[in-house]
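Student: Below are the structure tokens for one structure; questions will follow.
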Amino acid sequence: MTYRGEPVTPSGRRAGASRADLRYRWILFDADGTLFDYDHAEGEALEALWSDAGLPPRRDLLAVYRRINGALWKGLETGEVSAGEIKEERFRRLVDELGLAADPRQLSASYLDHLSRQTRLVAGAGELLDSLRRTRKLALITNGLSQVQRPRLERSPIGRHFDVLVISEEVGFAKPDGRIFAQALAMMGDPPKDEVLMVGDNLLADIEGARRFGLATCWLNPGGRESSGEIEPTFEVHDLGQLRQVLSGPAEPTEE
């Protein structure tokens, strides 16, 4: 676990000085890559889609799809495309690049159905949420698609832990836009910002977006990636187990 440059929390305490004093009553989690194993889900859904469509196998399929999809999701973060546009556009581009005789709309529908069935979690996610739910309020804020996130949460054992679910497609704003964080806090009952910790794996969408809005942040960085230094999370952890140390300060049990 890393405290980057002894950052100052929204309450004015230095993170490295007395983490036992930190009292984050609300934990605001990202979904994909933070709690759900998105890399696994993406690969499984794409393989199932390919089989359903009867398309010839390709070794480069996942790599090509991820390049196309990743560029579009970055466009969402910068406001250049909408979540609705991504659904089919990524398959239009995939069909064009690979020269396939397939309907992008049908591929998109099949893919989203398969993706919504993928509930594999990041290591430690279930145990962490089981523990945190006893003393904290939990919210989920995601740029993912409604028709994927809602069914997946219903199928997953972690869905019951969240008091609030904020989906960018439903509220009209995507992370890192501050308006989605404002919407989240409104749905949470407008707690003080210094009682909220944002946890996510995406430096721009999760960490910088929440930081600009005035929230403390925890960057989940399992691969130990180097950041540019321009985005400074309050905390950096390499697995969800280390998040327990960040949240080791006292907290009163939540009211059910």
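The values are calculated or read from the model by the stated rules, or taken from the named source; none is laboratory data. Computed from a prediction, not measured in an experiment: that's the story for all the values here. Neighbour counts run over all protein chains shown; Cβ positions are idealised from the backbone, glycine included. Side chains are part of the model used for accessible areas, which takes the heavy atoms of the whole protein and leaves out ligands, DNA and RNA. Shrake-Rupley method; radii C 1.70, N 1.55, O 1.52, S 1.80 Å.
Student: Can you tell me which residue is farthest from Ala83 (Cα to Cα) among those in segment 138-176 that are among the basic types (Lys, Arg) and open to solvent by less than 10 Å² (accessible area, probe 1.4 Å)?
Tutor: Filtering segment 138-176 for residues among the basic types (Lys, Arg) gives 150, 152, 155, 160, 175.
Restricting the remaining residues to those that are open to solvent by less than 10 Å² (accessible area, probe 1.4 Å) gives 152, 175.
Numbers: Arg152: 17, Lys175: 12 Å.
So the residue we want is Arg152.
Student: Do the conditions hold for Gly214, that is, is it closer than 24 Å to Arg23 by Cβ and surrounded by fewer than 18 Cβ atoms within 10 Å (Cβ to Cβ)? It would help to see each step written out before you state the result.
Tutor: Working: closer than 24 Å to Arg23 by Cβ: yes; surrounded by fewer than 18 Cβ atoms within 10 Å (Cβ to Cβ): yes.
Yes, satisfied.
Student: What do you reckon, is Leu129 touching a residue at least 60 places away in the same chain (Cβ under 8 Å), in contact with a His (Cβ under 9 Å, 6 or more places away or on another chain) and either under 24 Å from Asp201 (Cα atoms) or of a type in the set (Asp, Glu) (or both)?
Tutor: Yes: the conditions hold for Leu129.
Student: Applying the selection to segment 218-256, what residues are modelled with pLDDT of 90 or more, touching a Lys or Arg at 6+ places or on another chain (Cβ under 9 Å) and of a type in the set (D, E, K, R)?
Tutor: If the condition is that a residue be modelled with pLDDT of 90 or more, touching a Lys or Arg at 6+ places or on another chain (Cβ under 9 Å) and of a type in the set (D, E, K, R), then Glu232, Glu236 are the ones that fit.
Student: Looking at Thr78 and the list (1) touching a residue at least 12 places away in the same chain (Cβ under 8 Å); (2) out of contact with any Ser or Thr (no Cβ under 9 Å at 6 or more places or on another chain); (3) of a type in the set (S, T, N, Q), which single condition is not satisfied?
Tutor: (1)
Student: Can you tell me which residues in segment 45-71 are surrounded by 12 or more Cβ atoms within 10 Å (Cβ to Cβ) and among the hydrophobic types (A, V, I, L, M, F, W, C)?
Tutor: First pass over segment 45-71, keeping only residues surrounded by 12 or more Cβ atoms within 10 Å (Cβ to Cβ): 45-53, 55, 58, 61-62, 64-69, 71.
Result: Ala45, Leu46, Ala48, Leu49, Trp50, Ala53, Leu55, Leu61, Leu62, Val64, Ile68, Ala71.
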